[in-house]
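Down below is the structure, laid out as structure tokens.
All of the numbers you see were taken from the coordinates with simple rules; none came from a lab. All values reported here derive from a predicted model rather than from experimental measurement. Positions of Cβ are backbone-derived with ideal geometry, glycine not excepted, and every protein chain shown enters the neighbour counts.
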Amino acid sequence: MRLEFETADVFTGQRFGGNPLAVVFGAGALDGAEMQRLAREFNLSETVFVLGVEGEAARIRIFTPGSELPFAGHPNVGAAVLLARRLGFTGDGLLLDQAAGRVVARLARDDAGLVTGAEIEAPQAFAEAVPFPAEAAAACAGLPVGAIVERAHSPLIGGCGNRIAFAEIADTAALAAASPDAAAFRSHLPVSAATGLFLHAPLPDGRRRGRMFGPLEGIPEDPATGSAAVGLAALLLRATGGERIALELEQGVEMGRPSRLAIRAWRDAEGGLRAAVGGGVVAVSTGTVWAR
């Protein structure tokens, strides 16, 4: 079976920046094991499989090289843009159905009408699972425990559709010194507990810089992690006690793949912390792949 695919760089306006993504179209006949093998073959942080499209809604599944994810940010942003272009979609948004629920994607266009980016809302309000000891976070990051701070939040595992470990770092110098320790991940943060560890530090102008490590998922470091970005927005809003927050997150700097993620969070009618992330998408390649 031959299937068409496209790749793109997400959360950037420059080709070969941001986070690479593969999107495989017409994949409704594949089973999970076949999708996993293809994701491992692409060997990108995530691969999206489009199972079908009905009107403004598409059904998708998302895989890392190591496992399936119920939700992820840059796959939704990238898939929304590539699908809109492929279908010649003229509307303002798309709906992406996945294991964690329905994701609303709002499209951004340039003056000529070309879709150049998207913002997606996380499918679930932020849910805190369990605390994560600072000593464990430091061990996984290869940092002294003193590098972990608790200004906006203490280390924890939570998310807006999947589980991620979050830890705040004292400054960008300590953040740059982080180096994931796979043995510590196996001891403290197995895949059954969380997708990976997201570290973040403040920048002088009010923005944040982040790094994401998922060595047990086959992702030593991720250049841009939308699912972590929405969780971070929710955590920062919770820290302020306000009704809404918006800021920019940069990621991938240490990898030479700088990414820019626009994040925002707000409180819903029930007091839940909801969040969205958006950014640019640049097409890179197209092709066909043998799925069987």
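Arrange PHE89, PHE11 by Cβ neighbour counts within 10 Å, fewest through most, would you?
PHE89, PHE11
Using the Cβ atoms and a cut-off under 14 Å, what net charge is assigned to the surroundings of GLN36, where Lys and Arg are +1 and Asp and Glu are -1?
Result for the neighbourhood of GLN36: -2.
Given the Cα-Cα distance of ALA283 and ARG109 and 0.36 nm per residue of separation, how much length would full extension add, in nm?
Values: separation 174, 0.36 × 174 = 62.64 nm, distance 1.42 nm.
Separation in residues times 0.36 nm, less the Cα-Cα distance, equals 61.2 nm.
Along the Cα→Cβ direction, 7 angstrom out, place labels at GLU54 and GLU4. What is the inter-label distance in nm?
Computed distance between label sites GLU54 and GLU4 equals 2.2 nm.
For the chain, the longest stretch holding no GluC sites (Glu not before Pro) located in a DSSP loop with at most 12 other Cβ atoms within 10 Å is which?
Working: sites that count: GLU150, GLU243, GLU270.
Counting only loop sites that pass the neighbour cut-off, the longest clear stretch is 1-149.
When N is the residue count of segment 127-278, what does its C-alpha Rg come to as a fraction of 2.2 N^0.38 Å?
0.95
Could you quote the convex hull projected area for segment 1-93, Cα atoms only and averaged over all directions, in nm²?
Spelled out: convex hull of the Cα atoms, projected over all directions, averaged, 6.1 nm².
Would you kindly compute the Cα radius of gyration of segment 91-135 and its largest Cα-Cα separation (Dmax), both in Å?
Computed over the Cα atoms of segment 91-135, radius of gyration and Dmax are 16.1, 52 Å.
Out of these labelled values of log10 I(q)/I(0) by the Debye sum over Cα atoms at q = 0.11, 0.12 Å⁻¹, (i) -0.82, -0.89; (ii) -0.71, -0.84; (iii) -0.58, -0.70, which was calculated from the coordinates shown here?
After the calculation, the listed value that fits is (iii).
For n ≥ 4 DSSP H runs only, could you compute -39500 (n - 2.57) per run for the chain, divide by its residues and tell me the 222 nm figure to the nearest 500?
-6500 deg cm²/dmol
Could you pull out the trypsin sites (Lys or Arg not before Pro) across segment 174-271 that fall in loop regions by DSSP (anything but H, G, I, E, B) with no more than 16 other Cβ atoms inside 10 Å?
Hits after loop and neighbour filter: ARG207.
What is the Cα centroid distance between segment 235-292 and segment 164-188, reported in whole angstrom?
20 Å
At 0.36 nm per residue, minus the direct Cα-Cα distance, what do VAL145 and ARG37 gain on full extension? Give it in nm, one decimal, please. Before the final figure, lay out each step's value.
Numbers: separation 108, 0.36 × 108 = 38.88 nm, distance 3.78 nm.
Value of the extension gain: 35.1 nm.
So if I take the centroid of the Cα atoms in segment 84-114 and the same for segment 1-36, what is the distance between those two points in Å?
Between the Cα centres of segment 84-114 and segment 1-36 lies a distance of 16 Å.
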